[in-house]
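One structure follows; several queries about it will come next.
The values are calculated or read from the model by the stated rules, or taken from the named source; none is laboratory data. Computed from a prediction, not measured in an experiment: that's the story for all the values here. Cβ: placed from backbone, ideal geometry, glycine included. Neighbour counts: every protein chain shown. The area values use the complete protein model at the heavy-atom level, side chains included, leaving out ligands, DNA and RNA. Shrake-Rupley method; radii C 1.70, N 1.55, O 1.52, S 1.80 Å.
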Amino acid sequence: MSKTLINNLKAIKNLEAVGRPEASWVAANRELLMSQINPQSKSIESQPAKYYYQFFSEVFQQKFLRPALMAVLVFGAYFGYSALTLTAKASLPGEAMYPIKVLGEKIQLAATFSDEGQVKLKMDFISRRGDELQQIARIPEAPEVKSVKISATVKQITQDVKNVQTQIDKMAIGASASTLINTAKVVDDKTLKVEKDLVDVHTSLSTEVKKEVAKDVKEAIAQTEVTGTKALSVMVTKSEEKEVKDANQGVSDKELTARVGDRIENTKIAVEAAALEVDKIATGTAAVIMDKTVASQNTSTSTAMTTLKEAVKDVSEQPKAAQDAVDEAKNLLDKKDFSSALLKIVESKNIAADVFEKAPLLDAQIKTEIVSSTAASSTATR
């Protein structure tokens with residue numbers, strides 16, 4: 001190969017366009033090659049602040065933010081549940097939250113295993129029903145709506161106090177005297193309160209509502225009195241047992257006298273309310289009977305008037321009979337004959353309850369007769 005050819009080849013090799021890469025191309029490809037070899041080295045070297053920010057951010061989230069968020073969720077759930085519970089407890093029959101209230105009571109009962117605990121809990125719930133009755137009675141509603149709510153609540157009271165009586169009978173067999181007496185005291189106190197609620201509510205209702213719930217109210221008053229008296233009888237019986245006296249676990253005569261006295265006073269309230277019911281229908285009956293024109297011209301109307309008058313007379317005599325039973329109970333109490341006094345109290349309360357059932361029906365019938373008499377009088381005048 002000639003010397004000239006060799007020199008020409010060397011010249012071609014040194015040409016940038018042919019053999020030697022441009023300096024900028026070499027620099028760019030060196031950086032690309034390095035990033036492929038260690039892809040994180042550049043970002044770590046070029047952005048150290050961003051790396052430390054991400055690190056501390058992750059630590060903060062794990063150590064502080066997530067536990068704090070969990071605490072917020074826990075407290076939110078707790079207070080939400082508490083608010084729901086409070087709303088349910090304040091609810092009344094017929095409202096959306098009321099089934100939750102009842103469910104909560106059933107859960108409490110299911111979680112209570114002793115007979116004593118169950119009876120006390122049931123009496124608390126029965127007392128709630130009495131409070132609910134008072135509230136329902138004060139709410140302005142259509143008579144048919146109010147009647148349904150009151151009837152359902154009153155029936156529940158009747159069933160619940162009947163269950164309590166059954167449970168007391170069961171406890172009387174196996175429970176200790178002190179346990180039985182303490183339980184009976186709670187039943188006595190609560191039934192007195194509920195009886196008063198029943199009488200107060202019945203007195204405050206309109207004739208339309210009274211007529212619809214009269215039978216239910218009568219049964220509730222009678223059953224509540226029987227259960228309360230049963231509790232007092234248990235106290236009397238157990239306190240008279242020798243082993244109870246020796247252990248000083250019974251109820252003193254002073255306390256028994258006070259408790260029976262409270263029940264007598266409660267019965268007097270019911271008798272007075274029954275007397276007011278009788279006065280009301282007696283006045284209405286007199287107004288009907290005084291319409292001589294209708295009575296003389298219409299034989300069927302005259303017969304109806306006579307029947308109505310006799311029915312009112314029978315009911316009118318009941319408050320006095322109830323009061324006589326109360327007076328007898330007082331005399332028996334003075335003699336420390338607690339058991340006999342309690343029997344007279346039950347008799348008096350049953351008479352009053354009978355008036356509460358019959359009086360509204362007679363009152364409604366009297367109003368019907370008044371309207372009928374007025375219409376007949378108008379026709380006769382023409």
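Relative to the present Cα-Cα distance, how much length would full extension add between I107 and D327 at 0.36 nm per residue of separation? Working shown, then result.
Numbers: separation 220, 0.36 × 220 = 79.20 nm, distance 4.44 nm.
Computed gain between I107 and D327 is 74.8 nm.
Okay, moving on. Ignoring ligands, DNA and RNA, what percent of the accessible area of the stretch 92-131 is carbon or sulfur (1.4 Å)?
About 63 percent, which is the carbon plus sulfur part of the accessible surface.
Next question, about the same structure. Roughly to the nearest percent, how much of the accessible area of the stretch 329-368 is carbon and sulfur, given a 1.4 Å probe?
That share works out to 54 percent.
Once the principal axes of the Cα atoms of the stretch 237-280 are found, what is the range along each, listed largest first in whole angstroms?
Extents along the principal axes, in whole Å: 54, 15, 9.
With a point put 7 Å past each Cα toward its Cβ, work out how far L276 is from S339 in nm, to one decimal.
Result: 3.7 nm between the two label points.
Same structure, new question: Mind listing the Cα extents of the stretch 121-175 along all three principal axes, in Å, largest one first?
49, 16, 9
Let me ask something additional. Tell me, what is the per residue accessible area of the stretch 111-178 in Å², probe radius 1.4 Å?
Averaged over the residues of the stretch 111-178, the accessible area is 47 Å².
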